[in-house]
Each structure stands twice: as structure tokens, then as C-alpha cells.
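The values are calculated or read from the model by the stated rules, or taken from the named source; none is laboratory data. Note that this is a predicted model, so its numbers are computed, not measured. Backbone-built Cβ (ideal geometry, glycine too); neighbour counts: all protein chains shown. Just so you know, the surface numbers come from the protein's heavy atoms only, side chains and all, with ligands and any DNA or RNA stripped out. Shrake-Rupley method; radii C 1.70, N 1.55, O 1.52, S 1.80 Å.
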Amino acid sequence: KLEKERIEKLTAEKTQKEKEAADKLRKEQEDAAVAKLEKERKEKLTAEKTQKEKEAADKLRKQQEDAALVKLEKERKEKLATDKKKEADAILAKQQEEHPYQTQQDKAKIDKETAALNRADSMLLADKQRKEKNGKVTAAKQSVETQKMDPSVTVIPSDSVMTDKQRKEQRDRDLVKMKRAREEAEARMLVEKRDKEAKEKMAKKESKRLAKELAEQSKLRKKSEEQARKLTEDQQRITAKKVQAETEQRELEAKRAHEEQEKKNLISQREKLLSNQQVRVARDDNQEPYNNSEKAVQEGNQKKAIADYQRKIKDDAVSSPDVVNLNTARPASVKVIKTRGYVKNGQTEDPLSNVSINIRRLNGIVSQEVASDNNGNYQFSVDSGYFYLVSFYKDKYEISKQILDLTSYKKPEYTMLIQYLKEHDEFDPASKMPSIQFEKNSPKVPEGLWSDLEPIVKMMQEVPQLKMKIYGLGSADEDYPMELSITRARLVADMMMEVGIKPGRIRINGVGSFRPRSGCVEGKQCTQEQYKMDRVVMYKVIKD
């Protein structure tokens, strides 16, 4: 008994140390994750600031280019106006050479003379008609009077003075004047048209530039709002995960404390029962032995009582198959307690159906069996006032057991702790499986891991029936090999789930240093190369 208590105490201390180590490792991982997220956030903000500065520089450069284009366009217009002015001056100079009487200041006079020429033509026609009627003298007088009426009109000799050649030359000069005046008017209209088209083109270009600038500003504003929203969502997600982790940790600690308390109660009850049994044995030893005849009678009575007891158990099993009757006659103080429980997969936490649950009183031989339903629930009824051993059996799962203490339980119903069954897996460390190497005392994912997992991911995405088993190992020279092996296997599983592989298709198992590849166990001296063989995660793909 002392040796057993010592072993249990050592086991409890080791469990406490493992728990503290696991808590410390989890806290370090959470701090590292928070630091990593903070670093990424700062890098993201720095990149956004650099991007904004770059966009501002690009905007300023574009404004400078647009200003330079406007300046060039203005200079082109000024040059075009200067060229047009020079061309007009050249035309006027040529006209002055052909007609010296024309000057730049007499431009209005030129138009007046053109009108006068038209009137002169009409007057010549009238003179010709009057000549036929009144003769040469009347025509000459009419010409003098016309000259007196409009001194600005150029004196045009009458038909009596001008010859046919002079008349023809005068008509040609008039036609040239009219032609030049028309060309000048067309040139002015063409210049005005070109100026108008250039202004419209410039206005369209400016409108497009403004629209593009507004669109870019709107796009930048939306992008900044989206980035701010994503950053807020990331912070909320991190906070929620942290709160969830803290809640789960508190629930786990409460559950472990409850289990420890239950275990202590069981141990104390068992010690009490053992002490009572020892007292009864000592009391029996102190009594005088029976003689042979009395002993024979007693043995016959015992055999008869056992036969009656077995017959009674069969009758009770037929009438009430879910009740364990360990007494042929139930005392009035004994109550029937309806007990219920829940069975889950220890790795996926999914409910397990068709699990055989065997209920047997401690130090007894009679038992009953029930099975869990599709939701993992089960229930049975037993007598109060006893200890019971509840065993859980399912194909491809390891056998698990619970102690049910109803010695002092008074309520009519009892709820057992959730039972987690571990899948049975014959892991062979010597088998040829792909492996991922880790550093000593480190769960950090090695570089280049994705290149190794990418073909496996593609294959599992193409074939939904495939599942993956991941085994984490730890070397005997590491501080916490079991915790490290579980963390390493879980990190690889998380990478698979991040790319879309469902959690139900992945199984992880932390082996620790119990089944090493190198054969190095605790207490055995090995080289670092041998220890390195055990700091790995091994995996294999199976078809369901």
C-alpha cells in the first residue's frame, strides 16, 4: 500500500510538472503569435505609409507634367498666332507692292473701295445707256459729277476715255482684290476654327484628367477603408481567439481539478474499504475455527445460497435488464440510481456510437452491458451504496475504464464524466514514412515544409477518401518530449487545415520519447545524431 501511494504521489507530481510545462509552452506560443501579429501589423502600416508617399509623389509628378503640357500648349498657340501674324504681314506687304496706295491703316478703306468698284460697274453700265441716248458730252458730265459726289472713289475713266485693254486690266485688278479679300476671310475663319478645336480638345483632356484623378482618389480611399476594416477584423479575431483559449484553459483546469478531487475521493474510499476488510479479516482470524462437521454444513449452506442468488439474478435480469442487482434482497436503505454518460473520440471529440459499456461492482462477478447511441449517450441503473467499475469497449479503440462511487450518493440520478476513447494505432517507428525534422526543444515549423506537404495536399484534395495520420516524436534529451511531440504534430495538422483539409480527415498522435526511432531511451547515452532522428514528425496517408 505504501509503495502504491508513493507511486501515485510521484505520478501526480509528474502530471503537475507536465501540466506546468504545457501551460508554459502554450503561453510562450501565444506570446510569440501575438508578437508576430504585432510585427506584421507594423510592417503593414509601414508598407501602407510608403505606398501613400509614393502615390503622393506620383500625383505631384503628374501635376507637374500636366502644368508643363499646359505651358507647352500655350507656347504653341502663341507661336501659331505669331506665325499667322507674320503670314498676314507678308500678305499685306505683297499687296502693298502690287498696290502702293494700300496701307495697313487703310484696311477699312480697302473695303470701302471694293464697294465703290461695284458701284462704278453699275455706273458704267448706266453711262453706256445714257451715251446711246445723250451722247458723249452727257457721259463726260455725269462722270465729273460722280467724282464730285464721292471724292474717296477712285476716278475711273469713262468708256470714252478708257480703251478696251485698260478696261480689261481694271477688271482683272478688281477680281484680284476680291479674291484676296475672300482668301483672308477664309484664313481668319480657319484660324478661329483651329483655336476652337484646340480649346475643346484641351478641355476634354483636362476633364479626363480630373475624372481619372477623382477615380484614383476614390480607389485609394476605398482601399484604405478596406485595409482599416481588415485590420479591425484581425484584431477582433485575435481577441476572440485569446478569450476562447483562456475560457478553454479555465474549463480544462476546472475539469482536471474535479477529476483530481474524484480521484482523491476514490482513493480515500478504497483505503477505507481495505481497512474495513482488514479489520474483518483480523476479527475472523481471532475467532475459533469450526470443526469439520460445522464447516461442511456451512459449505453446503453457502453453495445453496449461491445457487439461489444466481437464480434470483437471472429472474431480475429478465424483468429489468438495465439494473445491476448484486443482492438477493435489496435493503430498504438501498436506492436505484439512474446513471447517464457521454462517449467521445479522444482526438476529434466527435460522439462515438455502438460503444459497449460494461458495469460491474468492485470485487463482484455479475455485470451488465449497455451501448451508446448515435449521439454517444448511454444510461443504466444501479444500486446505491457501492463502488462500480465501468469499462468502455469499441473495435479499433483502446479500452478505457472509470470508477463509479455511489457509496454515499443519495440523489436518484447521476451524471458521469465524459469518457474519451483513444483510437488504437500500431505505430511502428522503424517503418518507412516521410518525416519532418525539428530543432532541439523547439516546436517551430522548419523552412521549406510547404514544398514537402504540397503534393500530399493536392492528392487529398483530389481524393476525398484519403486520410492523414501524423505522429509527433521527441528525443530523450529534450526537456518536455511528450508536449513537444504533440505540439509539433498539431502544427503540421494546422497547416493542412489552413489549405482546406477538413479536421475529420486528420489524426494526430504525440508519441513523445516512448517509442524512439533511434532506440535512445532515458538513461541511455546516445550521440546528437541519434537524438536528432527522434526530433521529427512522421506522417502517412491512408484510404478510409
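Per this entry, Leu37 is counted among residues that are modelled with pLDDT of 75 or more and closer than 30 Å to Glu248 by Cβ.
Being among the hydrophobic types (A, V, I, L, M, F, W, C), assigned to a helix (DSSP H, G or I), open to solvent by 100 Å² or more (accessible area, probe 1.4 Å) and under 30 Å from Lys71 (Cβ atoms) is the requirement here; does Met202 meet it? No: the conditions fail for Met202. Figure legend. Inter-residue proximity from the range 374-386: first residues of a type in the set (Val, Ile, Thr), second residues open to solvent by less than 10 Å² (accessible area, probe 1.4 Å) and assigned to a strand (DSSP E or B), beta-carbon distance below 9 Å, spacing 6+ or different chains. Indicated pairs: Val382/Val324; Val382/Ile337; Val382/Thr339; Val382/Ile359; Val382/Tyr388; Val382/Leu404. When Glu48 is tested against (1) touching a helix residue (DSSP H, G or I) at 6+ places or on another chain (Cβ under 9 Å); (2) within 30 Å of Asp195 (Cβ to Cβ); (3) among the acidic types (Asp, Glu), exactly one condition is not met: (2).
Just to verify a result, which residue in the range 411-427, among those that are surrounded by 11 or more Cβ atoms within 10 Å (Cβ to Cβ) and acidic (Asp, Glu), is modelled with the highest pLDDT? Looking at residues that are surrounded by 11 or more Cβ atoms within 10 Å (Cβ to Cβ) and acidic (Asp, Glu), I get Glu413.
Restricting the search to the range 496-513, which residues are part of a helix (DSSP H, G or I) and not basic (Lys, Arg)? Within the range 496-513, Met496, Met497, Glu498, Pro503, Gly504 meet the criteria. Can you confirm whether Met460 is touching a strand residue (DSSP E or B) at 6+ places or on another chain (Cβ under 6 Å), under 12 Å from Gly510 (Cβ atoms) and either buried (at least 16 other Cβ atoms within 10 Å of the Cβ) or aliphatic (A, V, I, L, M) (or both)? Spelling it out, it is not the case that Met460 is touching a strand residue (DSSP E or B) at 6+ places or on another chain (Cβ under 6 Å), under 12 Å from Gly510 (Cβ atoms) and either buried (at least 16 other Cβ atoms within 10 Å of the Cβ) or aliphatic (A, V, I, L, M) (or both).
Note on the range 514-538: among residues that are among the charged types (D, E, K, R) and part of a helix (DSSP H, G or I), the one that is surrounded by the most Cβ atoms within 10 Å (Cβ to Cβ) is Lys532.
Restricted to the range 463-477, and to residues there that are surrounded by fewer than 21 Cβ atoms within 10 Å (Cβ to Cβ) and more than 28 Å from the chain's Cα centre (by Cα), the residue that is farthest from Val511 (Cα to Cα) is Asp477. Taken over the range 226-259, the criterion of being free of Cβ contacts under 8 Å to residues at least 24 places away in the same chain, farther than 24 Å from Leu37 by Cα, open to solvent by less than 90 Å² (accessible area, probe 1.4 Å) and among the acidic types (Asp, Glu) is satisfied by Glu253 alone. Give the range 381-410 a look and list any residue that's open to solvent by 60 Å² or more (accessible area, probe 1.4 Å), of a type in the set (Asp, Glu) and touching a strand residue (DSSP E or B) at 6+ places or on another chain (Cβ under 8 Å), or say none. Correct list: Glu398 only. Of the numbered criteria (1) open to solvent by 30 Å² or more (accessible area, probe 1.4 Å); (2) touching a Lys or Arg at 6+ places or on another chain (Cβ under 9 Å); (3) farther than 18 Å from Val511 by Cβ, the one Met496 fails is (1). The set of residues in the range 339-360 that are in contact with an Asp or Glu (Cβ under 8 Å, 6 or more places away or on another chain), open to solvent by less than 60 Å² (accessible area, probe 1.4 Å) and under 23 Å from Ile508 (Cα atoms) comprises Lys344, Asn345, Gly346, Ser353. Can you name every residue in the range 411-441 that is touching a residue at least 24 places away in the same chain (Cβ under 8 Å) and out of contact with any strand residue (DSSP E or B) (no Cβ under 9 Å at 6 or more places or on another chain)? Listed by number, the residues that qualify are Ala430, Glu439, Lys440, Asn441. Just one of the listed residues (Glu65, Glu20) is open to solvent by less than 100 Å² (accessible area, probe 1.4 Å) and of a type outside the set (A, V, I, L, M), and it is Glu65.
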